[in-house]
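In what follows, a single structure is set out as structure tokens and then discussed.
Coordinate-derived values only; no laboratory data. The model shown is predicted, which means the values in this text are computed figures rather than measured ones. Note that we place each Cβ from the backbone using ideal geometry, even for glycine, and neighbour counts take in every protein chain shown.
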Amino acid sequence: MDAIFLQILNGLDKGGAYALIALGLTLVFGTLGVVNFAHGAIFMMGAFCAVTVEKILTLSVRVKDESVTFFDAYKETPYLEVWFGDTGAAIIDWSVPLSIILAIPVMLLIGIVMERSLIRYFYKRPHADQILVTFGLAIVLQELVKAFFGANPIPQGAPDVVAGSAAIGAVFGLGEAVVYPWWRLIYLAFSLVTIGLVFSFLHFTTYGMVVRAGMADRETVELLGINIERRFTIVFGMAAVVAGLAGVMYTPVLPPDYHLGMDFLVLSFVVVVVGGMGSLPGAVLAGFLLGILQSFSSMTEVKDIFPGIDQVIIYLVAVVILLTRPRGLMGRRGVMES
Amino acid sequence: MTHTKIASPKQDILYMAILSAVVLTMPIWLQPFGAAYPDLMQKFMIFGIFAIGYNILFGLTGYLSFGHAAFLGVGSYTAVWSFKLLSMNVIPALIFGTVLSGLFALAIGFVSLRRSGIYFSILTLAFAQMSYNLAYSVLTPITNGETGLQLTQGDARVLDRMAGIQADASLPTPNLFGIEGIGYSGFYICAALMLISFFIYLRIFRSPFGLKLRAIKSNQNRMGYTGYNTRPYLMTAFVISGMYAGLAGSLLAVTDPLAGAERMQWTASGEVVLITILGGVGTLIGPLLGAGIIKYFENILSAFNDSVLQNAFSFLPDWLAHGLASVLGLFVGDGWHLTLGLVFMLIVIFLPGGIMEGISRLWRLVSSSASSTDDKEKEQPSTKEA
């Protein structure tokens, strides 16, 4: 029972990341009709926003180490600590959550620049061309990151307050031994909130309503005199922000390296296809579902029966779904059928 | 590609003769480019085979597979197993490698080809990733996991033992009845196989079967309306291209009898897509050109490093040389993939037909400007007369 509970949490947690990336992919696909293979790279760049912020905050100066008295010793101390003392140390400790403030405008900018300078020329080109050009872009982005940050994963710490584990078992009446890392709980909450924000933006604002109308029938909306292309550009930027934030928040869970994006991209595409191309609820549902399935299949009990199942479960599910329900779980008729 | 001229068999023979001459004299004419060493030329041939096989699927039918590296990997593993169990002779290795990847392609194609468009791409991608993950985890007894499958002294080599060939102290190398699979002889083995594969590929291009595959690309529905069941044609194309990939994979094992799972990773599948696009999708010779160019520049550029660059710019003032070297350093050496990605993007954006389209555009430009000057020359006397 305890194990099952923890696996569900694990799965929801992982599923949160999948769902956020898949949500962005689906948004872009539903609005612009573009299959974006560079979306994983955006996730990765979000993660490196966090790395950059941490690097800036910990810019250090050599100061004399006062604790060593019998010879002159020096240590590297961040400027922030030199200037602000404990407050500075606290700021550094909170670098990952703080990166969000930087990541939102940066990712929005990256998204909009990407769309205006490259993607918009590919609206009318075949999907194969879109896949290829964004694949090229993904390679370029990840190689740039590799050139600046090196090839090794760069670990990022969560704030000390939430670095430990939560005694979550007691809350659900499962016993004290059931604990779960705080940060992962936060990540789960964060992904739920973000998904909620995106959905309420689309459903409860006029702007979102116009975007949805554009998704359903672009021509009519244009005939009404609305510049739908501009809104779609903003949506692309939004998708980039969602993926970027997912990346920022994921850094304490998994140290980011330059091919983080590629690893997640393949999975997210599978998620999108399982959910149904162009269906936002489908993407979210499939994200969480596949996350849970993956974490259950990595239990030793399951692995004993089906060795290696944890490696292939997601792909296996995708194959089965595509063969039995060709449109995915919640795909709409007429989307991507030609 | 609309301009499909049906060439006569005689022209094809001429075509093959020219190609053979060009390929077989590679060790001579590649000398000035610094690429005339067997290792690299073998790579040209192997990736040429891989790319023309891929072109049969993607170029003719338009189905964008993102999982072809899986077949390459299966070919490699099979070939190494054949070296271990049967014989160091390359013939069984190549046959088993090709046939087994063909069977593997049959299984994957059976499922993937039920869908088209981006779904097909993702299904093939899913299968390739599945094979890659399995090769690293559960299939370790077969694939030897991260270390990679390699030859050992104690391998069975049943056929070799029966033929009375005893392994000496050093590890045996793959050979074709005593002709070694490495060095110049190895290059000629690869070149011969490449030419044979190219001939088959040429015949497929020219055949009614090839025409039907093109019909599927231009309009699959209409093809169905005319009474064709397209699935068997697609399936055949998929299996053939899988076998080409398997052949390329087993040749890789011949040149270096070590098979690792990273050959199956999806970036490796991306590479063959890149090669094909760069050369020219759906063109005959394009994929070969693409393979040559990419492998050549991979080899040249990744050998560059900062000190080489510094030397190259040493005639400039120091600060400028430093700046240039550090900027260009991004694009060479380890950063060669950045160049590759950029070039690839530029090709997809501006020249979707690849290098072959570029050549034909240039050709038209040259020939039209030549003909316009002809016209002027013709006109000029008449104006004088007037």
Pairing a residue in region A:118-129 that is facing chain B (nearest Cβ under 8 Å) and in contact (Cβ under 8 Å) with a residue 40 or more places away in the chain with any residue that is buried (at least 16 other Cβ atoms within 10 Å of the Cβ) and part of a loop (DSSP other than H, G, I, E, B), where Cβ atoms lie under 7 Å and the two sit 6 or more apart in sequence or on different chains, gives A:127/A:35
Q.
Going residue by residue through region B:68-84, is there one that turns out to be away from chain A (no Cβ under 14 Å) and surrounded by fewer than 18 Cβ atoms within 10 Å (Cβ to Cβ)?
A. no
Here the residues within region B:243-272 that are surrounded by 24 or more Cβ atoms within 10 Å (Cβ to Cβ), aliphatic (A, V, I, L, M) and in a helix (DSSP H, G or I) are B:243, B:245, B:247, B:248, B:251, B:252, B:253, B:254, B:261, B:264, B:272
Among residues of region B:275-324 being hydroxyl-bearing (Ser, Thr, Tyr) and touching a Gly at 6+ places or on another chain (Cβ under 9 Å), the residue surrounded by the most Cβ atoms within 10 Å (Cβ to Cβ) is B:276
Considering region A:269-289, residues that are outside any helix (DSSP H, G or I) and not hydroxyl-bearing (Ser, Thr, Tyr), and then whichever is farthest from residue A:315 (Cα to Cα), we arrive at A:278
Within the bounds of region B:170-179, is there any residue that is surrounded by 15 or more Cβ atoms within 10 Å (Cβ to Cβ) and touching a Leu at 6+ places or on another chain (Cβ under 8 Å)? yes
Of the residues in region A:64-83, those that are surrounded by 14 or more Cβ atoms within 10 Å (Cβ to Cβ) and either among the aliphatic types (A, V, I, L, M) or in contact (Cβ under 8 Å) with a residue 24 or more places away in the chain (or both) come to A:80
Among the residues of region A:166-177, are any within 20 Å of the chain's Cα centre (by Cα) and surrounded by 14 or more Cβ atoms within 10 Å (Cβ to Cβ)? no
Counting only residues in region B:338-352 that are more than 8 Å from chain A (Cβ to nearest Cβ) and either touching a residue at least 24 places away in the same chain (Cβ under 8 Å) or polar (S, T, N, Q) (or both), the one farthest from residue B:274 (Cα to Cα) is identified as B:339
Only one of (1) surrounded by fewer than 16 Cβ atoms within 10 Å (Cβ to Cβ); (2) among the charged types (D, E, K, R); (3) within 14 Å of chain B (Cβ to nearest Cβ) does not apply to residue A:301, and that is (3)
Checked B:331, B:304 against criteria (among the hydrophobic types (A, V, I, L, M, F, W, C), within 26 Å of residue B:26 (Cα to Cα) and over 19 Å from the mean Cα position of the chain (by Cα)); the one match is B:304
Considering region A:33-63, residues that are out of contact with any strand residue (DSSP E or B) (no Cβ under 7 Å at 6 or more places or on another chain) and polar (S, T, N, Q), and then whichever is surrounded by the most Cβ atoms within 10 Å (Cβ to Cβ), we arrive at A:36
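Identify, from the list A:256, A:307, the residue that is farther than 25 Å from residue B:121 by Cβ, in a loop (DSSP other than H, G, I, E, B) and without any contact (Cβ under 8 Å) to a residue 12 or more places away in the chain.
Answer to the check: A:307.
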From the option list B:30, B:60, single residue qualifying as surrounded by fewer than 24 Cβ atoms within 10 Å (Cβ to Cβ) and not hydroxyl-bearing (Ser, Thr, Tyr) is B:30
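Among B:187, B:205, B:198, B:209, which is the only one that is more than 19 Å from residue B:49 (Cβ to Cβ) and aromatic (Phe, Trp, Tyr)?
Values: B:187 fails: more than 19 Å from residue B:49 (Cβ to Cβ); B:205 fails: more than 19 Å from residue B:49 (Cβ to Cβ); B:198 fails: more than 19 Å from residue B:49 (Cβ to Cβ).
Within the list B:187, B:205, B:198, B:209, the selection yields B:209.
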Point to revise | Test result for residue B:131, closer than 14 Å to residue B:263 by Cβ and away from chain A (no Cβ under 14 Å) | key: no
**Item:** Flag if residue B:118 is part of a helix (DSSP H, G or I) and more than 14 Å from chain A (Cβ to nearest Cβ)
**Value:** no
Restricting attention to region B:266-289, the residues that are within 20 Å of residue B:342 (Cα to Cα) and either without any contact (Cβ under 8 Å) to a residue 40 or more places away in the chain or within 13 Å of chain A (Cβ to nearest Cβ) (or both) number exactly 14
What do you reckon, is residue B:297 of a type in the set (Phe, Trp, Tyr) and within 14 Å of chain A (Cβ to nearest Cβ)? no
Of the listed residues (B:110, B:187), the one being in contact (Cβ under 8 Å) with a residue 24 or more places away in the chain and within 14 Å of chain A (Cβ to nearest Cβ) is B:110
